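Okay, so here's the structure we're looking at.
The values are calculated or read from the model by the stated rules, or taken from the named source; none is laboratory data. None of the values given here were measured: they were computed from a predicted structure. Cβ coordinates were reconstructed from backbone atoms using ideal geometry, including for glycine residues, and neighbour counts include every protein chain displayed.
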Amino acid sequence: MAIRTVVVGMGPRGRDWIREIQQNKEFKLVGCVEVDKQVLQHATRTSSLNGSPAFTNLSQALEGNDVQAVIVATPPEAHLEPCRIALTKKIGVMVEKPFTTTLSDAITLVRLAENSTPLLVAQNYRYLRAFRAARDLVIRGVLGPVGLAVCQYYRIPHEMSGSLASMPHSVLWGMGVHHLDMIRYVVNKPVVGVFADSFTLPWGVLPSGASTRLLLTLQDDVRVFYGATYESSGHEYFERGQEFYARFMGQRATLHIFHRWLLLCESGKLPRIIRRGPRRVSEEQILLAQLARAVLDGAQPESSGLDNLQTMAVVEAAIRSARERKWINPQELLDELQQS
């Protein structure tokens, strides 16, 4: 029997999930939820719902519908309530990133899920082929112990969604949450120190926090420089106005990642291109497979809510550090809130 699933939030990301569900035989869409009636009408016109009913209230969608999974794709500030409703009813949940807008809310949801109810966060960047290949090289020791990493993201000024534009630290919530999750996933170590600066350039017209720079310390004294901005002008015709570069430096080799390209520079050897491997399924299908195994077999998902507390703690540490102008240890934030 296919897993009976409801999608909450019918914006672009919610419609993406509907398409992914319809391509996966393990899932069956049995309803969608959207509080904005205009958005809901647009979604029903432009999405293939195959007769699945539409609701403006999740509780109504769950009533008498024998739902086994809920995918939450609302704006970030509206993640908490639908997750809480579903988890209280012991229904498995996958929620879009960012998990929540505060670490304390994320901890609340993880406690609701405990060990018996699946709770995943759709951190799909970690499953992009370039980063999966990078993680594999690190875990296999090809680079030797990693001691330093540099990650940089640039995007031209652009119109943000209303939800993102209303949030302080917009680039941190918009792209930083992706990259910070990816960094700790690739290096495979927890972050133990964050020093951050969040700002908008003096001539900038974007909302507060359109640029950020972070220093990270990971376990075993791994250092990371991270920068991201939505204010990089002048490359509108390159990669649709976006640029990404990462460099992971180990004892034996350095790995460069430029967009989709990986270049491995080993000591005493000529640089060589690393293949990313085939993209047999989308990153969303990888996450759906984890959700299916969690719902049907009780398997612990890799991208679990519990795992994502580490990413949420790094984001919250960055916000506090930018405000207080000092180093913050994400592990101390987790300990403090989990004991409260």
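Within region 297-308, the set of residues being in a helix (DSSP H, G or I) and surrounded by 15 or more Cβ atoms within 10 Å (Cβ to Cβ) comprises G305, L306, D307, N308. Looking at this structure, is E324 among the charged types (D, E, K, R), within 25 Å of T217 (Cβ to Cβ) and either modelled with pLDDT under 95 or touching a His at 6+ places or on another chain (Cβ under 7 Å) (or both)? When the stated conditions are applied, E324 does not pass them. Summed over region 145-182, the residues that are in a helix (DSSP H, G or I) and of a type in the set (S, T, Y) give a count of 2. Please work out which one of (1) touching a residue at least 12 places away in the same chain (Cβ under 8 Å); (2) in the same structural domain as I139 (by TED's automatic domain parsing); (3) in a helix (DSSP H, G or I); (4) not aliphatic (A, V, I, L, M) is the condition R240 fails and give its number. Result: R240 passes all but (1). Could you check, for region 220-229, whether at least one of its residues is under 23 Å from L263 (Cα atoms), of a type in the set (F, W, Y), assigned to a loop (DSSP other than H, G, I, E, B) and not assigned by TED's automatic domain parsing to the domain that holds T101? So far as region 220-229 goes, no, none of its residues is under 23 Å from L263 (Cα atoms), of a type in the set (F, W, Y), assigned to a loop (DSSP other than H, G, I, E, B) and not assigned by TED's automatic domain parsing to the domain that holds T101. Among residues of region 137-163 that are in the same structural domain as L206 (by TED's automatic domain parsing), those with a Cβ under 8 angstrom from a residue that is of a type in the set (G, A, S) and assigned to a loop (DSSP other than H, G, I, E, B), sequence gap 6+ or separate chain, pair up as Y154/S232; R155/S232; I156/S232; I156/S233; I156/G234; P157/G204; P157/A210; P157/S233.
R293 meets all of the listed conditions (1) more than 24 Å from L216 (Cβ to Cβ); (2) assigned to a loop (DSSP other than H, G, I, E, B); (3) not hydrophobic (A, V, I, L, M, F, W, C) but one, namely (2).
State yes or no: is F131 among the aromatic types (F, W, Y), touching a His at 6+ places or on another chain (Cβ under 9 Å) and not in a strand (DSSP E or B)? For F131, the condition - among the aromatic types (F, W, Y), touching a His at 6+ places or on another chain (Cβ under 9 Å) and not in a strand (DSSP E or B) - is not met. Evaluated against (1) under 21 Å from N124 (Cβ atoms); (2) of a type outside the set (S, T, N, Q); (3) at pLDDT below 95, E283 falls short on exactly one condition, (3).
Please work out if L287 is outside any helix (DSSP H, G or I), more than 21 Å from Q152 (Cβ to Cβ) and aliphatic (A, V, I, L, M).
Values: outside any helix (DSSP H, G or I): no; more than 21 Å from Q152 (Cβ to Cβ): yes; aliphatic (A, V, I, L, M): yes.
So L287 does not fit the description; no.
Matching residues to (1) surrounded by 15 or more Cβ atoms within 10 Å (Cβ to Cβ); (2) hydroxyl-bearing (S, T, Y); (3) at positive phi:
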position: G234; (1), (2), (3): no, no, yes
position: P271; (1), (2), (3): no, no, no
position: Q310; (1), (2), (3): yes, no, no
position: N329; (1), (2), (3): yes, no, no
position: D335; (1), (2), (3): no, no, no
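So that you can scan it fast, the table gives a plain yes or no per residue for (1) small (G, A, S); (2) within 25 Å of the chain's Cα centre (by Cα); (3) within 21 Å of L296 (Cα to Cα); (4) surrounded by fewer than 19 Cβ atoms within 10 Å (Cβ to Cβ):
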position	(1), (2), (3), (4)
Q23	no, yes, yes, yes
F27	no, yes, yes, no
H42	no, no, no, yes
L58	no, yes, no, no
D66	no, no, yes, yes
G92	yes, yes, yes, no
P98	no, yes, no, no
V110	no, yes, yes, no
N115	no, yes, yes, yes
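Within region 68-80, being surrounded by fewer than 20 Cβ atoms within 10 Å (Cβ to Cβ) and aliphatic (A, V, I, L, M) holds for one residue alone: A78. Cβ separations smaller than 9 Å between residues 6+ apart or across chains give the following pairs from region 248-264 residues that are at negative phi to residues that are charged (D, E, K, R) and not in a strand (DSSP E or B): A253/K269; R260/R129; R260/R276; W261/R276; L262/R275; L262/R276. Quick check: anything in region 183-206 in contact with a Lys or Arg (Cβ under 8 Å, 6 or more places away or on another chain), part of a helix (DSSP H, G or I) and under 20 Å from T100 (Cβ atoms)? Yes - at least one qualifying residue is present in region 183-206.
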